[in-house]
Amino acid sequence: MQFGGSGRESLILALRAMLGEESVLTEKEELAPFECDGLSVYRKLPMAVLLPSTVEEVQGVLRLCSDHGVPVVARGAGTGLSGGALPLKDGVLMSLSRFDRIIDIDPVQRIATIQPGVRNLAISEAAAPHGLYYAPDPSSQIACTIGGNVAENSGGVHCLKYGLTVHNLLALKVVTMEGELVEIGSGAPDSQGYDLLALMTGSEGLLGVIVEVTVKLLARPERAQVLLAAFDDVRHAAEAVGAVISAGIIPAGLEMMDNLAIRAAEDFAHAGYPVGAEAILLCELDGTNAEVSEHVMKVREVMQHAGATEVRTARDEEERSMFWKGRKSAFPAVGRISPDYYCMDGTIPRRNLPEVLERIASLSRKYGLRVANVFHAGDGNLHPLILFDANGEGELERTEAFGREILSLCIEMGGTITGEHGVGVEKLDSMCLQFNPAELAQFHAIKSAFDQKGLLNPGKAVPTLHRCAEFGAMHVHEGNLPHAHLERF
Amino acid sequence: MADIERRLQELAKSAIDSGTPIAIIAGGTKSFLGNRVAAEPLHVAGHSGIVDYDPRELVITARCGTKLEEIEQVLSASSQMLPFEPPRFGGAATLGGAVACGLSGPRRPYAGSVRDHVLGCRIINGRGEILNFGGKVMKNVAGFDVSRLMTGAFGTLGVLLEISLRVLPRPAASLTLVRECRDPVPYLCGLASKPIPVDAAAHVEGLCHIRLSGSVRAVSEARNQLGGDTLDGHEIFWEDLREQRLPFFGSDAPLWRIASGPSAPMPNLQGTWMIDWGGSQRWLKSMAGEGEVRQAAEAIGGHATLFRGEGNAFHPLKGALGVLHQRLKAAFDPKGIFNPGRLYPEF
């Protein structure tokens, strides 16, 4: 889409009149911090960056852009990993960073009403004095915002027991591209009509701009305990995952790391991991004191029966956080042992874990590229990290081909191309493999129902029917993760 | 157990081609719910059978016409369950009906609703196409969440053919405590703020009923902590509550369901009340007028459904929300073929 010359000038003037000079950025150096999100291989400067402060301003901006036919991309903290907040050259980027107020914490109803620019962790911090917390905990939780979490349906380590963002939401206020303010949901457990709350969640900014969020808060469990189980065979570890679930226990988190990841993490974080093990499982159990005691015993038994060579229970809170520290620093740790790596994000049914891990290992031999596996085993969400050197002859191409085979494998196994990082611009091509043209057309019809002119984050999340080519993946160069200070897991 | 998907698709296509509205019917146990649909019936109960179930996955996939009873028996054999305890309202109740009507039972506030457990679906849309959305895995963010949108849409967006659901292990132990309650709302609501394994809480005829479920020790400790009498045969009580067989549901007066925040005050309406879902689902038997009930529900930040009785079933949609609903309906069913008017007279 082209939009230049006098049309652009008059839009900028109108935006300045509406928001004030200081809330409309157009200089190149002012725009630069917004040129990408957490997927920094894709960069673009927008026509302008807007910093509205009120719902009325958001409505005004959207009406104005709708009238001018100018696309709008909404942005939270920009920590997303799939390019969902990548600006459009002829569009405006609307940052919701000034919507940073916790409106209300209601300890009786156990709900928090917050503006979209509030950081995920800030909600739990504000709820803590009441013994409550907000359950979804994406790895970027110190920086990512609740608005972005809703747009991406963010997960985290504790999804297995506590669900994704969609399971922890009560209500949203959303502005449509036409500038209409829509209230979806309430304090009630459900709402009249269609489940628009679910539809909006994970819609990657294509259906509306979120301006207020109401979430559920949970009572802090009385106790949390972590077990570390070591295995001398990856297959045994993968089978143990299913065995824990079959024993009737839903751990709060169940994570797996293979030998390469264990050694990298141990070198980096000194978590006390058994570096000789082929795989470890970290299993967090929470609940009442009595329940956790009972489940710790049971999980220990299950792990041993599944062939664990060693099972440790964190002695105290300090050791528990060390166990987690190793896991949470696995990505940057792997970044230190290889010039580059690709991070994939497929999900597969748990029962296929042993087979998929074996096939990834044989693909690794086929392509001559190492893979570190570190992932959310409990819900089958894989994050294979393919190690490579972009400066090596043909290595990038080989890595991409490898990644494509892994994602095809996920689909073949009845899984999905993205468990939690989103489609954004990164996985548009892979969407063509997972969905047929009629399904993609249905997605486009939904998009049009909310945004008839197709101006809200166009070109993201759902590929056009014309587009079907290759898979994408997250490309990290020289271990330089965007937002390197954030833990990624 | 049979796969009649092609037949259903042909029937849907011919209805679409001829512009004949159809009413989707499986077990027919919930036909009392929602507005009446004057249309040709499309019988889907024959499309039945469990397609995939592996207890280690905590996922079951079944065709829409599969009876809930069959699903629950199969799950029970592996000590698992549908966590949202769907009401059946009759032995013929099916999975498709439970999902289309979006109804959940007593465990809902503690374990999530039917939509919370829906992972994927296969549907026929209003173009006669068979489409798959979501999947069989818990974490999946590829594409819009159509599976959850279909849940509770009363068949107005398409024909559900197959559904994948998350299931959970059955708790090792479970019991119900009964105690007198003068001021039930704060008491029931307050239970969820404590680290105790409550998984159902209702107030029926002056008595608070608290179900505790979890590990043997956790349940026994919580019983000592809360106090009260243990209810004999408590499974039957919760089943009767869920199936609306308790004496409360017996009278001929219209039955209203009012959903609100759990600690919201009781609406100022004449009639008899029963409180479920720890305070957030309230049943009212009342002769009060529709407008009066809806206004009172809104006053406490909730909404009202005329569950049994003559009149508009669902709480009206206002302003932009109504427009979005009509556009979404058109996005799935452009000719308005499926269950027209069942949810709202406008579509």
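The values are calculated or read from the model by the stated rules, or taken from the named source; none is laboratory data. In this text the structure is predicted, and so the values were computed from the model without any measurement. Positions of Cβ are backbone-derived with ideal geometry, glycine not excepted, and every protein chain shown enters the neighbour counts. For the accessible areas, the whole protein counts, side chains as well, though only heavy atoms, and no ligand, DNA or RNA atoms are used. Shrake-Rupley method; radii C 1.70, N 1.55, O 1.52, S 1.80 Å.
Peptide B:319-332 shows a mean partner chain C-beta count of 6 within 10 Å per residue C-beta.
Size descriptors for the range B:292-343 (Cα atoms only): Rg and Dmax, in that order, 13.3, 37 Å.
May I ask for the Kirkwood hydrodynamic radius of the range A:335-418, worked out over all distinct Cα pairs and given in angstroms to one decimal? If you can, show how the numbers build up before the last one.
On the way: mean 1/r = 0.0784 Å⁻¹.
It works out to 12.8 Å.
For the protein assembly as shown, the alpha-carbon radius of gyration amounts to 0.92 times the rule-of-thumb value 2.2 N^0.38 Å expected for a compact globular protein.
Computed from the Cα positions only, the extents of the range A:211-356 along the three principal axes stand at 50, 44, 33 Å, in decreasing order. For residue B:30, the aspartates and glutamates whose Cα comes closer than 12 Å to its Cα, not counting residues fewer than 8 places off in the same chain, are B:243.
Measuring max minus min along each principal axis, the C-alpha atoms of the range B:182-244 give extents of 31, 26, 18 Å (largest first). The share of alpha-carbon pairs in chain A lying farther apart than 45 Å comes to 12%. Going from the chain on its own to the full set of protein chains, the range B:95-125 has these residues losing 20 Å² or more of accessible surface (heavy atoms, 1.4 Å probe, no ligands, DNA or RNA): B:108, B:115, B:116.
Taking amide H as placed 1.01 Å from N in the peptide plane, residue A:233 has its amide H under 5 Å from the amide H of A:278, A:279, each at least 5 places away in sequence or on another chain.
Based on the Kirkwood radius over alpha-carbon pairs, what is the Stokes-Einstein translational diffusion coefficient of the range A:278-343 at 4 °C with 1.567 mPa s viscosity, in µm²/s? All intermediate terms of the calculation are to be shown ahead of the outcome.
Numbers: Rh = 14.1 Å.
Taking Rh from Cα pairs, D becomes 92 µm²/s.
Percent of Cα pairs in the range A:99-169 per distance bin of 10 Å, from zero to the largest separation: 22, 58, 20, 0. Helix content alone sets the calculated 222 nm mean residue ellipticity of chain A: runs of n ≥ 4 DSSP H residues at -39500 (n - 2.57) each, divided across all residues, give -10500 deg cm²/dmol.
Using alpha carbons only, the radius of gyration of the range A:28-79 set against its Kirkwood radius gives Rg/Rh = 0.99. With a 10 Å cut-off around each Cβ of A:238-246, the average count of Cβ atoms from other chains is 3. Mean separation of Cα pairs under 8 Å and 6 or more residues apart, divided by the residue count, gives chain A a relative contact order of 16 percent.
Computed from the alpha carbon positions, the gyration tensor of the range B:72-196 leads to an equivalent ellipsoid with semi-axes of 31, 16, 15 Å, biggest first. Along chain A, the exposed loop sites are trypsin sites (Lys or Arg not before Pro) outside DSSP states H, G, I, E and B with at most 16 other Cβ atoms within 10 Å, and the longest stretch free of them is A:102-314. Listed by chain and number, the aspartates and glutamates whose alpha-carbon sits under 14 Å from that of residue A:447, ignoring those within fewer than 8 places in the same chain, are A:178, A:204, A:439, B:145. According to the calculation over all Cα-Cα pairs in the range B:236-340, the P(r) per 10 Å bin from zero is 14, 39, 29, 17, 2 %. Seen through its C-alpha gyration tensor, with square-root eigenvalues sorted a ≥ b ≥ c, the range A:152-275 comes out prolate because a/c lies at 1.5 or above while a/b is bigger than b/c. Semi-axes of the equivalent ellipsoid for the range A:327-370, computed as √(5λ) from the eigenvalues of its C-alpha gyration tensor and ordered from largest down, come to 21, 16, 8 Å.
Carbon-plus-sulfur fraction of the accessible area of the range A:1-94, 1.4 Å probe, in percent? Don't skip to the end; give the middle numbers.
Details: 2030 of 3840 Å².
Exposed carbon and sulfur together represent 53 percent of the surface.
Interface of B with A. Using a 1.4 Å probe and counting protein heavy atoms only, the two chains hide about 6400 Å² of accessible surface, both sides summed.
Sequence-distant contacts, meaning Cα pairs under 8 Å at least 6 residues apart, place the relative contact order of the range A:57-120 at 26 percent. Expressed as a whole percent, the accessible surface of the range B:66-137 that belongs to carbon and sulfur atoms is 45, based on a 1.4 Å probe. Across the alpha-carbon set of the range A:1-136, the Rg to Rh ratio works out to 1.05, Rh being the Kirkwood radius.
For chain B, the Cys residues with no second cysteine's beta carbon closer than 4.7 Å are B:64, B:101, B:121, B:189. With all pairs of different C-alpha atoms in the average, the Kirkwood value for the hydrodynamic radius of chain B is 21.1 Å. Taking every protein chain into account, the accessible area of the protein assembly as shown amounts to 35 square angstrom per residue (probe 1.4 Å).
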